[in-house]
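The values are calculated or read from the model by the stated rules, or taken from the named source; none is laboratory data. This structure is a prediction, so every number in the text was calculated from the model and none was measured. So basically every Cβ, Gly included, is an ideal-geometry build from the backbone, and we count neighbours across all protein chains shown. Ligands, DNA and RNA are stripped out before the accessible areas are found, and what is left, the full protein with its side chains, is counted by its heavy atoms. Shrake-Rupley method; radii C 1.70, N 1.55, O 1.52, S 1.80 Å.
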Amino acid sequence: MNPDHVFLCGNPALDLAATLRARRSSRFELLVSPDRLAAWYLESGIVDAVSAAREADVERAIAVREAIYRLVTARLSGAAYDAEALATVNEAARRPPATPQLTAAGRRTEATPDEALSTVARHAVELLGGPDVPLLKECGNPECTRVYIDRSRGMRRQWCGMESCGNRLKAAAYRARKRQAAQAPAAR
């Protein structure tokens, strides 16, 4: 499994939820250390600089990530929100967020890990309480558990990303059709 952070979901909260990959099978954790968490905040574009993270920051981020995932999957299935997940996300969102500053060089956002996490939690609140809820979809790859915002024309997107899941499944389907076609004349 690729340990690099990937941002395919269309929202930082969904991208954070995707840092635990393959939830239904091999479960691959990307937030394995304070350094990986800080790297995720930087690579996501939430902040331009983040102060050093600690193990406790990783634990909080994972708790918020899991709460976001539970809320998103509840929304997708039409189930009621889990009260504990709601409380976790709302508590994180109530904390001070990362605040952009204007500098001589332009906009810059420096934050602590708590401020960055608050910003992600606020994205979750805005997403799940906003107009994009009908655009939420889970990847069509049975191994993948990413949820993304489908802004494609006609909402026909089936994969979180072509490079990660779409190409792999299309190639597998092609091989299956070829096998089936090869077996069909032999069955006659």
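Over its Cα atoms, what ratio of radius of gyration to 2.2 N^0.38 Å does the chain give?
Expressed relative to 2.2 N^0.38 Å, the Cα Rg reads 1.19.
Pull the list of the chain cysteines that no other Cys approaches to under 4.7 Å, Cβ to Cβ.
Lacking a cysteine Cβ partner under 4.7 Å: C9, C165.
Between A74 and A49, what length comes free when the chain is fully extended (0.36 nm per residue of separation minus the Cα-Cα distance, one decimal in nm)?
Residue separation times 0.36 nm, minus the Cα-Cα distance, leaves 5.7 nm.
For E59 and A22, calculate 0.36 nm times their separation in residues minus their Cα-Cα distance, and state this gained length in nm to one decimal.
Extending this stretch completely gives an extra 11.4 nm.
Karplus couplings for the stretch 42-52 from phi (6.51 cos²θ - 1.76 cosθ + 1.60, θ = phi - 60°), rounded to Hz, Gly and Pro as x?
Working through the residues one at a time gives 5, 5, 6, x, 4, 9, 9, 8, 9, 5, 4 Hz.
Report ³J(HN,Hα) in whole Hz for each residue of the stretch 105-115, in order, from the Karplus equation J = 6.51 cos²θ - 1.76 cosθ + 1.60 where θ = phi - 60°; Gly and Pro get x.
With the stated coefficients, the stretch 105-115 comes to 8, x, 7, 8, 10, 10, 8, 8, x, 5, 5 Hz.
Given the chain, what percent of its DSSP beta bridges are antiparallel, to the nearest 5?
If we restrict to bridges inside the chain, about 85 percent are antiparallel.
So what is the calculated 222 nm ellipticity per residue for the chain, using -39500 (n - 2.57) for each DSSP H run with n of 4 or more, over all residues, to the nearest 500 deg cm²/dmol?
-15500 deg cm²/dmol
What is the percent carbon and sulfur in the accessible area of the chain, measuring with a 1.4 Å probe over the protein chains and ignoring ligands?
C and S fraction of accessible area: 53 percent.
Give the long-range amide H neighbours of T112: residues separated by 5 or more places, or on another chain, with amide H under 5 Å away, using H modelled in the peptide plane at 1.01 Å from N.
Placed amide hydrogens put S51 under 5 Å from T112.
Any idea what log10 I(q)/I(0) is at q = 0.19, 0.20 Å⁻¹ for the stretch 1-89, Debye with uniform C-alpha scatterers and no solvent?
The Cα Debye sum returns log10 ratios of -0.91, -1.00.
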